[in-house]
């Protein structure tokens, strides 16, 4: 068994156009590092300054990691991790 | 299709530009995209007179929107809803100049007709034949109806526990209605995943930058209806935060173009306490929003992970406004207060907004002479269960005696 990480469309070119990649169990941070090790540049697209980027949402087993321990949330063998953009419309201060 | 002044999509987070397609997040940082316009072209074209000569719908502001449609896209005109003075409500609150923007007077009885009009017009221009959305109900009504009018196929995704009225008033238009076992944030997540692999226009996902622009018309109309003098203060419901921020942006554009007079209004937002991630961030002075699990009768505001929450905080801060969290009983009181003083029956979201206005007035935050606009964005017939227990009824036999016994002494007028 392993952990399946679902990759959002904008990041698929970085991982050989795959919709998902398999990783070893660990924390969300460790999974992201593992993918980055195989596909350089991945980490910087989803994290900045050691935390998830503002508009990146990560779900472990369907649960938003912000309800858990953020990037330190543990991912068990067989669980699925989904990375998704937050859908935001933006605002213009004019 | 006429040419418009829209030039590109710009990432609010990192500033990168994308073409005007169905891109909804920045390819680089996932930041939100917004439509940019050729300001020189706008300044050279748009005048009050040109707007006044336009159709009696939101398309009179087409110059300021990302799409200028023709044909079937105009089949179900939305907008140009009444702005009514509310002297009896003002009096109850110790104020003098309160107005209600009654956006229940739209084709499917909520402001969502505006955003869907713009989103679907752009979707058609981009060649889409299928419309879809994630919705707490009002958007579902609007997507199903406008798709029917324009001859588009549609798929509508809602939380399974939605009010029956909103489910029926969506399904009747012949859409494919999918009730998802989960809350709105679950539905939204599902739609974000579906949108990645399907050639469908999800109005609040992959055509969201255009969809959001439709909300600006709620600022344009209020300005035009007040003879181009901006109000001092607006009270607006907050769910995703998109409406709140776009109303502010709409006023800003009118000032920049010299179309309106005055200052940017003080923007006050309203959330239900049972789902108030933005109000909580406001109360704690944070510049980030922590998601919550919603539990409130104000289902149209029940977004626990609001996409534009951080921008709503910015707007409240920069306009010296506030963001209130309203309890469940107060919501019902708000619905009743508006109904009894203005004759306008609002859904629960409007109860939240009205209660927020009442609270700001009671706290003395509003100057008596301020001109205040209360945005009522959905019809009370959508959420009758929320107030059903409040309505008294007396069932009697059809006799005068029974009437007098039930209602008390008959008042005889000579």
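The values are calculated or read from the model by the stated rules, or taken from the named source; none is laboratory data. These numbers come from a predicted model, not from an experiment. When we count neighbours, we look across all protein chains shown, and the Cβ atoms used for this are built from the backbone with ideal geometry, even at glycine.
Observations
- Region A:44-56, residues that are touching a helix residue (DSSP H, G or I) at 6+ places or on another chain (Cβ under 8 Å) and either in a strand (DSSP E or B) or at pLDDT 95 or above (or both): A:47, A:51, A:52, A:56
- Qualifying residue in region B:213-220 (condition: within 14 Å of chain A (Cβ to nearest Cβ) and either at positive phi or in a loop (DSSP other than H, G, I, E, B) (or both)): no
- Qualifying residue in region B:389-405 (condition: closer than 18 Å to residue B:282 by Cβ and out of contact with any helix residue (DSSP H, G or I) (no Cβ under 9 Å at 6 or more places or on another chain)): no
- Within region A:11-22, considering residues that are buried (at least 16 other Cβ atoms within 10 Å of the Cβ) and over 21 Å from residue A:51 (Cβ atoms), the one nearest to the other protein chains (Cβ to nearest Cβ): A:15
- Restricting region B:307-329 to residues that are over 20 Å from residue B:231 (Cα atoms) and out of contact with any strand residue (DSSP E or B) (no Cβ under 9 Å at 6 or more places or on another chain), the residue that is surrounded by the most Cβ atoms within 10 Å (Cβ to Cβ): B:309
- Taken as a whole, region B:283-291 holds at least one residue that is surrounded by 20 or more Cβ atoms within 10 Å (Cβ to Cβ), within 14 Å of chain A (Cβ to nearest Cβ), at pLDDT below 95 and under 26 Å from residue B:213 (Cα atoms).
- Which listed residue is more than 13 Å from chain A (Cβ to nearest Cβ), more than 19 Å from residue B:99 (Cα to Cα), assigned to a loop (DSSP other than H, G, I, E, B) and touching a helix residue (DSSP H, G or I) at 6+ places or on another chain (Cβ under 9 Å), from B:297, B:303: B:297
- The set of residues in region B:261-290 that are in contact with a strand residue (DSSP E or B) (Cβ under 7 Å, 6 or more places away or on another chain) and assigned to a loop (DSSP other than H, G, I, E, B) comprises B:262, B:265, B:273, B:276.
- Among the residues of region A:53-89, the one identified as under 9 Å from the mean Cα position of the chain (by Cα), more than 8 Å from chain B (Cβ to nearest Cβ) and within 15 Å of residue B:185 (Cβ to Cβ) is A:58.
- Among the residues here, residue B:204 qualifies as touching a helix residue (DSSP H, G or I) at 6+ places or on another chain (Cβ under 6 Å) and either within 11 Å of chain A (Cβ to nearest Cβ) or modelled with pLDDT under 95 (or both).
- Restricting A:25, A:8 to residues that are in contact (Cβ under 8 Å) with a residue 40 or more places away in the chain, within 13 Å of another protein chain (Cβ to nearest Cβ) and in contact with a strand residue (DSSP E or B) (Cβ under 6 Å, 6 or more places away or on another chain) narrows the list to A:8.
- Condition met for residue B:107 (out of contact with any strand residue (DSSP E or B) (no Cβ under 6 Å at 6 or more places or on another chain), part of a loop (DSSP other than H, G, I, E, B) and either over 23 Å from residue B:238 (Cβ atoms) or within 14 Å of another protein chain (Cβ to nearest Cβ) (or both)): yes
- A count restricted to region B:162-185 and to residues that are part of a helix (DSSP H, G or I), surrounded by fewer than 18 Cβ atoms within 10 Å (Cβ to Cβ) and touching a strand residue (DSSP E or B) at 6+ places or on another chain (Cβ under 8 Å) stands at 1.
- So residue B:72, is it modelled with pLDDT of 95 or more, under 29 Å from residue B:8 (Cβ atoms) and either surrounded by fewer than 22 Cβ atoms within 10 Å (Cβ to Cβ) or touching a strand residue (DSSP E or B) at 6+ places or on another chain (Cβ under 7 Å) (or both): no
- Residue within region B:243-260 that is in a strand (DSSP E or B) and touching a strand residue (DSSP E or B) at 6+ places or on another chain (Cβ under 9 Å) present: no
- Residues located in region B:336-371, provided they are within 28 Å of residue B:295 (Cβ to Cβ), touching a strand residue (DSSP E or B) at 6+ places or on another chain (Cβ under 7 Å) and part of a helix (DSSP H, G or I): B:338, B:349, B:350, B:352, B:353, B:354, B:355, B:356, B:357, B:359, B:360
- Unmet requirement for residue B:349, which otherwise passes all of (1) within 14 Å of another protein chain (Cβ to nearest Cβ); (2) surrounded by 24 or more Cβ atoms within 10 Å (Cβ to Cβ): (1)
- Residues in region B:65-76 that are in contact with a helix residue (DSSP H, G or I) (Cβ under 8 Å, 6 or more places away or on another chain) and under 23 Å from residue B:42 (Cβ atoms): B:65, B:66, B:67, B:68, B:69, B:73, B:74.
- Of all positions in region B:46-55, none carries a residue that is crowded, with 18+ Cβ neighbours inside 10 Å, more than 23 Å from the chain's Cα centre (by Cα), within 14 Å of chain A (Cβ to nearest Cβ) and not in a strand (DSSP E or B).
- When region B:12-32 is limited to residues that are part of a strand (DSSP E or B) and facing another protein chain (nearest Cβ under 8 Å), the one that is nearest to residue A:41 (Cα to Cα) turns out to be B:25.
- Complete set of residues in region B:212-249 that are touching a helix residue (DSSP H, G or I) at 6+ places or on another chain (Cβ under 7 Å) and without any contact (Cβ under 8 Å) to a residue 60 or more places away in the chain: B:219, B:223, B:230, B:246, B:249
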